[in-house]
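In what follows, a single structure is set out as structure tokens and then discussed.
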Amino acid sequence: MAALTTEQVLAATDRLVAAFAATDTAAYFDCFAPSATFVFHPEPDRLDDRASYERLWAGWLADGWRVESCTSTDRLVQVHGDTGVLTHRVHTVTVVDGERTETDERESIVFVLDGDRVVAVHEHLSPCPVA
């Protein structure tokens, strides 16, 4: 069994963040396994699979939501065999009907090797404390 590397986790993170920043639905969801789970602090419930998140995302898009920018900083990667855990800070700017919203969040993403691909199987966002 091949071990996942820090470089692979960072490259997978870069792909995910770039796709999100571009509001590129297909590229973004391609970064996740179909069984991936999601915990987002603004949402009342955990999303138990990628399809649930895709439906939520489609609703946001239908409401005119778009990502204007997303940056990832303060990255830490922990590799455990074929699993990698990334923690980072994300600053995101979204726009709905011309109204900009900025968020500053901490995020954990769990990545696994899936054949020759690295995919996310869990994502958890929490707000950064106000300093």
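The values are calculated or read from the model by the stated rules, or taken from the named source; none is laboratory data. As the structure is a computational prediction, the values presented were derived from the model and not from experiment. Don't worry about glycine lacking a Cβ; one is built from the backbone with ideal geometry, like all the others, and counts go over all protein chains shown. The accessibility values were calculated without ligands, DNA or RNA, using every heavy atom of the protein model including side chains. Shrake-Rupley method; radii C 1.70, N 1.55, O 1.52, S 1.80 Å.
So the values come out like this:
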{"read-out": "Accessible area of the chain divided out per residue, in Å², using a probe of 1.4 angstrom", "value": "55"}
{"read-out": "Farthest positive-ward along the chain dipole, Cα basis, beta-carbon charges - from 41, 88, 125", "value": "88"}
{"read-out": "Amide H partners (placed H, <5 Å) of residue 82, local residues excluded", "value": "4"}
{"read-out": "On Cα atoms only, tilt of 6-21 relative to the major axis of the chain in degrees", "value": "20"}
{"read-out": "Förster radius 35 Å - calculated FRET efficiency between residue 2 and residue 39, Cβ distance, rounded to 0.05", "value": "0.80"}
{"read-out": "Using θ = phi - 60° and Karplus 6.51 cos²θ - 1.76 cosθ + 1.60, couplings along the stretch 64-76 (whole Hz; Gly, Pro as x)", "value": "x, 6, 8, 8, 8, 7, 8, 10, 10, 9, 6, 7, 9"}
{"read-out": "Inter-part distance where the stretch 72-129 and the stretch 1-60 are each reduced to a Cα centre, Å", "value": "8"}
{"read-out": "For the stretch 81-96, 3J(HN,Hα) per residue [Karplus equation, 6.51 cos²θ - 1.76 cosθ + 1.60, θ = phi - 60°, Hz, x = Gly/Pro]", "value": "x, 9, 10, x, 10, 10, 10, 7, 10, 10, 10, 10, 10, 10, 9, 10"}
{"read-out": "Lys, Arg +1 and Asp, Glu -1 on Cβ, resulting dipole of the chain about Cα centre, debye, nearest 20", "value": "180"}
{"read-out": "Share of carbon and sulfur in the accessible heavy-atom surface of the stretch 16-80 [1.4 Å probe, %]", "value": "52"}
{"read-out": "Amide N of the stretch 1-23 lying under 15 Å from the label point, which is placed 7 angstrom from the Cα of residue 75 along Cα→Cβ", "value": "5-21"}
{"read-out": "Per-residue ³J(HN,Hα) for the stretch 36-47, Karplus 6.51 cos²θ - 1.76 cosθ + 1.60, θ = phi - 60°, Hz, x for Gly and Pro", "value": "4, 10, 9, 10, 10, 4, x, 8, x, 10, 5, 9"}
{"read-out": "88, 122, 80, ranked by accessible area, largest first (probe 1.4 Å)", "value": "80, 122, 88"}
{"read-out": "Separation in nanometres of the label points that stand 7 Å from Cα toward Cβ, at residue 66 and residue 117", "value": "2.7"}
{"read-out": "Largest-first ordering by accessible area, 1.4 Å probe, given options 82, 14, 74", "value": "74, 14, 82"}
{"read-out": "Amide H contacts under 5 Å for residue 128, placed H, 5+ residues apart", "value": "104, 105, 106"}
{"read-out": "Helix-only mean residue ellipticity at 222 nm for the chain, each DSSP H run of n ≥ 4 adding -39500 (n - 2.57), per residue, nearest 500", "value": "-8000 deg cm²/dmol"}
